[in-house]
Structure formats: structure tokens, C-alpha cells
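Okay, so here's the structure we're looking at.
The values are calculated or read from the model by the stated rules, or taken from the named source; none is laboratory data. Since the model is a prediction, treat every value here as computed from it, not as a measurement. Backbone-built Cβ (ideal geometry, glycine too); neighbour counts: all protein chains shown. Please note that ligands, DNA and RNA were not included when accessible areas were found on the heavy atoms of the full protein model with its side chains. Shrake-Rupley method; radii C 1.70, N 1.55, O 1.52, S 1.80 Å.
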Amino acid sequence: MRKPEKIIPIILAAGSSPNLPFPKALALFGRQTALQIAVKNCSFLGESLVVLGANAKRILPAVPKSSQVIINRHWPQGQLSSLLAALRKVKDAAFLIYPVDHALLKQSTVMQLVRAFRSRSAAQEIVMPRHKSTYGHPVIVSAAVRPEFFKAHTAREVIYRHPDRLRILEVNTTSIFDDFNSLESYNRCVHNFRRRVRAAAVSL
């Protein structure tokens, strides 16, 4: 087992939401926004980097004060541009890539991934979750891989470049890929969120 690396959470919230009447970061789940949920889920790792772009002025007042905001003025170029904006602030640390629209994620799942990353083998540089046959987020990447993102066309290209350096963590939740891009998918996520809250209340 290697010496534990510092892990910096990067919450990607810079994209536009053309099919929603609000930015994804401000989507409500109960009394919390998707952004608040993401920051809270990563809070045990310390300060999160929150990348904003589209609707930045609207979202900015709602960003938890425990986070550091990065404005990506090149957000129309895609998600990789937002990741690179954050990576310019991340030098000698591992990083966790967390899209803000994965609002059904729980902190326990993030903790599972962190434990898997801390206990990975010497050859493994990336930890990602999988439920049944579907991969998802968040993904944790070693500092050693960071330079590759600056030469890539997509983040996916880097993640899957060398399968032998991946550690796949099997998880028992679809939240790793349950996201929302429209009112229909948002309402579905809200329904699942409420159902989970009710189930938790009954079990108490």
C-alpha cells in the first residue's frame, strides 16, 4: 500500500442547462441544491473546487462557503475545459471528478471510493465505480495521471487509456450514473430521492 495522497474534490458545474428552467447546480432535492449535496458529500476530504461557467453569476451566491470557486470562461468547449481549469489549481494531489448533476450520490459511496483509492495496488492510478455493467462517477485520479489531461481531447480518453491502471469498485447503487438533463429526468431523480428519504424514515 502506498503513502496516502491528498484528494481534492472537483465539482463540475459549468455546463449550460438548455432543457431545464434552472441551472443544474441549483436543482432542488428536498431543501438542498444539487451543488450543496455534492459539496457535503465531499466535505470529509476538505475544500472542494467548484467550477462554474454558464450562469455563474446566478449560481455564485449559492455556492457553499467551504468551497473554492473557479470560473471557466471557456465552458462552451466542453467538460474537459472545466476539468482543466480546476487542474491548474491542483498540482501534487490526487483529484476526485464529481459532475454536479449526480445528486442521488451519498457520502458513503464517496467514502467507499476513497478507501478503494487509498488501498489500491502500485499499478493502479484511477478508481471508478461500477454498478452491474455500467460505470459512473465520481472517479478518483492519481496526481501521476494529471499531465495526460492537458494533452487529451476528452477526459474519457485518459480514464480508459490503460485498463490495467484502473481499479473498478463494484457498488450497490445506480446513483453513480443517475443524472438529469431535462425536466423529465430531473423529476425522475427527485422521485427517487423522495422515495429514499421515505424509506430511511420508515427504517428509523
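The charge dipole of the chain, taken about the Cα centre with unit charges on the Cβ atoms of Lys, Arg (+1) and Asp, Glu (-1), comes to about 380 debye, rounded to the nearest 20. Each peptide among 101-113, 61-73 gets the average number of other Cβ atoms lying within 10 Å of its residues, and from highest to lowest they stand as 101-113, 61-73.
Against the set [x] 11.7; [y] 10.2; [z] 19.8, the structure's computed mean projected area of the Cα convex hull in nm² falls on [x]. Could you list, in their original order, any pairs among K6/K89; K91/K132; K89/K151; K91/K151; K24/K132 whose Cα atoms are separated by more than 24 Å? Going by Cα-Cα distance, K91/K132; K24/K132 fall outside the 24 Å limit.
Across the accessible surface of the chain, with the other protein chains kept in place and a 1.4 Å probe, carbon and sulfur atoms take up 53 percent. For the range 94-196, the extents of the C-alpha atoms along the principal axes are 41, 29, 22 Å, listed from largest to smallest. Only helices enter this figure: runs of n ≥ 4 DSSP H residues, each worth -39500 (n - 2.57), summed and divided by the residues of the chain, yield -9000 deg cm²/dmol at 222 nm to the nearest 500.
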